[in-house]
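Please read the structure below before turning to the comments.
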Amino acid sequence: MGALDEGHFCVELENGMKLDIADLGLEKEPETIAIEDAVKVLLQGLGEDVNREGLKKTPLRVAKALREGTRGYKQKVKDIVQGALFPEVGVHDGVGHAGGVGGLVIVRDLDLFSYCESCLLPFQVKCHVGYVPSGQRVLGLSKLSRVADIFAKRLQDPQRLADEVCAALHHGIKPAGVAVILQCSHIHFPNLETVFLDSKHQGWVKALVSSGLGAFEDEKADAWIDFLGLLKFRGITVEKILNRDCTKQSWCPSFSLGANISSELVAPNPGMVAAIASILRSLGEDPLRKELVETPSHFVRWLMNFQNTNLEMKLNGFAYSRTDLVKAKGEACLHNNEQMHSELNLSFWSQCEHHLLPFHGVVHIGYFGPEGLNPIGKSILQSIVHFYGFKLQVQERLTRQIAETVSSILGGDIIVVVEANHTCMISRGIEKFGSNTATFAVLGRFSTDPAARAMFLESIPNSTTSGIL
């Protein structure tokens, strides 16, 4: 009854999905409806059926995620800071400073996310905030995180984000000085046409930015030495701060996308571009702001990697069957001469069809084959993974499709494990940073032989898909 007393109860939607009553008002707002209409244009531009299962509620989910992820436009710092400043005296006697006057206060490792203003993809932020109190008053520690989150929940660039957080705290609490350091990671999706050629593609672009006011305005000030001294175990040094190079051109991968895409994608679909401009307006932004002028084109070019087309899976004519082995060896000796083969850490990149947000990770494939002979090359398995990855997907379906396809060419004894990081897990809802999702499919002998499954699972290395920052 407690939930009902607070006015939070759920209603059933047509497809069985439950929605908190608090979301009903948001769903009917004109900004939400406008974003939904724009998302339908994007889906149709990808060649998708907006009425198919899995996509029916995608426009609403995307609208809610975008509005939630940019809610900072409607929030004010003074509403958070007012009432959260507490009296705290400084050192009464002796030499030194502490407490409410001159004592450095640092809150480290605040996990945030923001949307890149150049391409609309979320990027992750590890935020460190420090300030030197003055006027014998200190700010409630949780408010430092909340102020940072206001500016993160907007379309952003790392340096501007650091500057805005720093300026807001300096103005709101009037300390002797404020410093902000951000460690940012931007997902860098490979292009569909180049992913097969670049086996060492780096999946993340990283930036280190800082901002300081008051006692921290001079980057060589003693206050910075104290601040950075408490961050040394996070790989942040004075040298890195002074020598950092995180210009906007090198930050967002969308700036280099044009050089790597085919000529037919250079001019993106005008209707899709207009749809993104409409989304920007609905979020309270100006699509004509100079930093946003190219954003619709950047996003559409990236999104078209996941176009629903009948791509040909190039297996180089490869076809392996157990029948061929039986003819060559005889059924009796086939089982005795088989051994488990595996290909581990096959990279994949995909797009969640529920929220139009990226997810990525690695695929591990195991199968039985002739002893001493690997019947299929790693490049062919990687081709299969990419073929199913570059689509609107869900991880469960991706795992099944890979298993069924590999089974069709290698025989029925197949195990597939997919480990992935989902952007939708950090940029909306529960915001679970560092979470990782694993799915697996087993066919043939692997479905009935626990020892075989255990042997393969034991061979999988510790996950490298998490721990980005």
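For segment 248-264, name all the residues that are at pLDDT below 60 and closer than 21 Å to G203 by Cβ. K248, Q249, L257, G258, A259, N260, I261 - these are the residues of segment 248-264 that are at pLDDT below 60 and closer than 21 Å to G203 by Cβ.
Return yes when L280 is part of a helix (DSSP H, G or I), over 30 Å from V107 (Cα atoms) and at pLDDT below 70 and no when it is not. Here the answer is no, as L280 does not meet what is asked.
Checked against (1) open to solvent by less than 10 Å² (accessible area, probe 1.4 Å); (2) β-branched (V, I, T); (3) part of a loop (DSSP other than H, G, I, E, B), V95 meets all criteria but (1). A single member of D109, D163 is in a strand (DSSP E or B) and not polar (S, T, N, Q), and it is D109. G103 satisfies every condition listed in (1) more than 24 Å from W224 (Cα to Cα); (2) open to solvent by less than 50 Å² (accessible area, probe 1.4 Å); (3) part of a loop (DSSP other than H, G, I, E, B); (4) of a type outside the set (A, V, I, L, M) except (1). Residues in segment 134-168 that are open to solvent by less than 10 Å² (accessible area, probe 1.4 Å) and without any contact (Cβ under 8 Å) to a residue 60 or more places away in the chain: 8 in all.
With the structure loaded, tell me whether K56 is closer than 21 Å to V394 by Cβ and not in a strand (DSSP E or B) or whether it fails that test. Yes: the conditions hold for K56.
Checking A84 against (1) more than 15 Å from H354 (Cα to Cα); (2) modelled with pLDDT under 95; (3) open to solvent by 70 Å² or more (accessible area, probe 1.4 Å), which test does it fail? Going through the list (1) more than 15 Å from H354 (Cα to Cα); (2) modelled with pLDDT under 95; (3) open to solvent by 70 Å² or more (accessible area, probe 1.4 Å), A84 breaks only (3). If you check G83 against the conditions, is it without any contact (Cβ under 8 Å) to a residue 12 or more places away in the chain and assigned to a loop (DSSP other than H, G, I, E, B)? Answer is yes for this residue.
The values are calculated or read from the model by the stated rules, or taken from the named source; none is laboratory data. This one's a predicted model, so the numbers in the text were calculated from it and none came from an experiment. Heads up, the Cβs are rebuilt from the backbone with ideal geometry, glycines too, and the neighbour counts pull from every protein chain shown. The accessibility values were calculated without ligands, DNA or RNA, using every heavy atom of the protein model including side chains. Shrake-Rupley method; radii C 1.70, N 1.55, O 1.52, S 1.80 Å.
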